[in-house]
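The structure under discussion is supplied below as structure tokens; questions concerning it will follow.
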Amino acid sequence: MSQSPVNPTENFIIEAKELSKSVFNSHAKLHILSGINLKIQWGESLAIVGESGSGKSTLLGLLAGLDTPTTGHVDIQGQNITLLNEDKRAVIRSQLIGFVFQSFQLLPNLTALENVMLPLELRGDDEAEAVATSFLERVGLKERLKHTPQKLSGGEQQRVSLARAFVTCPAILFADEPTGNLDSRTGRQIIDLLFTLNQEQKTTLILVTHDKALANRCHRTIVLQEGQLV
């Protein structure tokens with residue numbers, strides 16, 4: 001399996017410049033993020049921490065191109081993705097980005113193997129089944145390939161989610177509270193597995209967490225408070 005190419009002439013894989021995000025409700029304009037400037041290096045692991053409601057998941061969504069800012073822009077590999085429409089941002093996500101979510105986000109009617117094969121099939125990989133199988137074996141689920149999510153424990157579902165995220169060898173992995181729905185013992189196992197796979201693939205890791213142990217494993221931690229970096 002080939003690894004995502006790294007351009008050694010570029011110091012930063014992601015740059016956010018003067019990002020802000022506001023929404024309107026029936027009463028007022030709500031400012032979720034304001035004046036965010038952030039540079040993330042190739043291969044760096046970055047934790048985004050802060051109290052609930054501080055804008056962590058919103059920032060993650062903007063950096064990943066899942067949402068668009070009210071002002072400012074995000075560059076990925078030097079390309080301003082804020083100027084792109086959703087279809088073009090989706091292409092960039094499929095080529096460069098993997099995701100791990102707190103709620104696992106597995107398709108309930110697909111087996112573990114089929115869930116992990118899906119991103120490979122979407123990009124036309126002829127060896128999707130073999131590659132997906134090897135990743136599931138790598139995360140310790142060799143005997144659970146044919147099980148659907150409802151037949152898997154929370155820890156097993158998150159292992160499937162990790163396999164699905166890494167199976168395309170993404171340049172960037174975004175993780176939103178990846179241990180939030182797991183007990184402490186299972187959470188530690190998932191953390192170890194996450195960083196092992198991350199280091200093997202030299203992936204840039206950006207995660208949102210309340211877990212201090214998880215944040216401490218990262219190269220760098222940034223703190224959001226009321227929508228601003230502190």
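Across the range 25-161, how large is the tail of the calculated P(r) beyond 23 Å, expressed as a percent of all Cα pairs?
Result for the distance tail: 49 percent.
In the range 141-217, with Lys and Arg counted as +1 and Asp and Glu as -1 at Cβ, which of these residues, L193, G180, T204, has the Cα nearest the positive end of the dipole, that is, farthest along it?
L193
Looking only at the chain, where both bridge partners belong to it, what percent of the DSSP beta bridges are antiparallel (to the nearest 5)?
50
Moving to a separate point now. Order these peptides, 171-184, 97-110, by their mean beta-carbon neighbour count within 10 angstrom, highest first.
The most tightly packed comes first, giving 171-184, 97-110.
Measuring with a 1.4 Å probe in the full set of protein chains, what accessible area per residue, in whole Å², belongs to the chain?
That works out to 50 Å² per residue.
Right, next: Once you have a ≥ b ≥ c as the square roots of the Cα gyration tensor eigenvalues for the range 71-222, tell me rounded if a/c is under 1.5, and otherwise prolate or oblate according to whether a/b is larger than b/c.
oblate
Just to be sure I understand the rule: take each whole DSSP H helix in the chain, project its Cα atoms onto its long axis, keep it if the span is 24 Å or more and its mean Kyte-Doolittle hydropathy is at least -1.0. Which ones pass?
184-201
Additional query: Going Cα to Cα from K142, which aspartates and glutamates come in below 18 Å? Please leave out same-chain ones fewer than 8 positions away.
Cross-link targets: E114, E127, E129, E156.
Could you tell me which of rounded, prolate or oblate describes the range 149-191, using a ≥ b ≥ c as the square roots of the eigenvalues of the alpha-carbon gyration tensor, with rounded for a/c under 1.5 and, failing that, prolate when a/b is larger than b/c and oblate otherwise?
Verdict is oblate for the range 149-191.
Something else now. Would you compute the Debye intensity of the range 1-105 from its alpha-carbon atoms alone, equal scatterers and no solvent, and pass along log10 I(q)/I(0) at q = 0.12, 0.14, 0.19 Å⁻¹ to two decimals?
-0.45, -0.61, -1.09
Can you find, among I14, G53, H147, the residue sitting farthest towards the positive end of the charge dipole of the chain, where Lys and Arg contribute +1 and Asp and Glu -1 at Cβ?
Most positive-ward Cα: G53.
Carbon and sulfur atoms: what percent of the 1.4 Å accessible area of the range 1-139 do they account for?
50
Can I ask one more? Rounded if a/c is under 1.5, else prolate if a/b is larger than b/c, else oblate: which is the range 47-104, with a ≥ b ≥ c the root eigenvalues of its Cα gyration tensor?
Oblate, because a/c is 1.5 or more while a/b does not exceed b/c.
OK, next. Let me know the charge dipole size of the range 1-154 about its Cα centre in debye, to the nearest 20, where only the beta-carbon of Lys, Arg (+1) and Asp, Glu (-1) is charged.
Once rounded to the nearest 20, the dipole reads 440 debye.
Are any of the pairs K146/K212; K39/K212; K151/K212; K21/K88; K29/K56 more than 25 Å apart by Cα-Cα distance, and if so, which?
From the list (K146/K212; K39/K212; K151/K212; K21/K88; K29/K56), the Cα-Cα distance tops 25 Å for K146/K212; K151/K212.
The values are calculated or read from the model by the stated rules, or taken from the named source; none is laboratory data. From a predicted model like this one, the values you see are computed outputs, not experimental measurements. With ideal geometry, Cβ positions are generated from the backbone for all residues, glycine too; neighbour counts draw on all protein chains shown. For accessibility, only protein heavy atoms count, side chains too; no ligands or nucleic acids. Shrake-Rupley method; radii C 1.70, N 1.55, O 1.52, S 1.80 Å.
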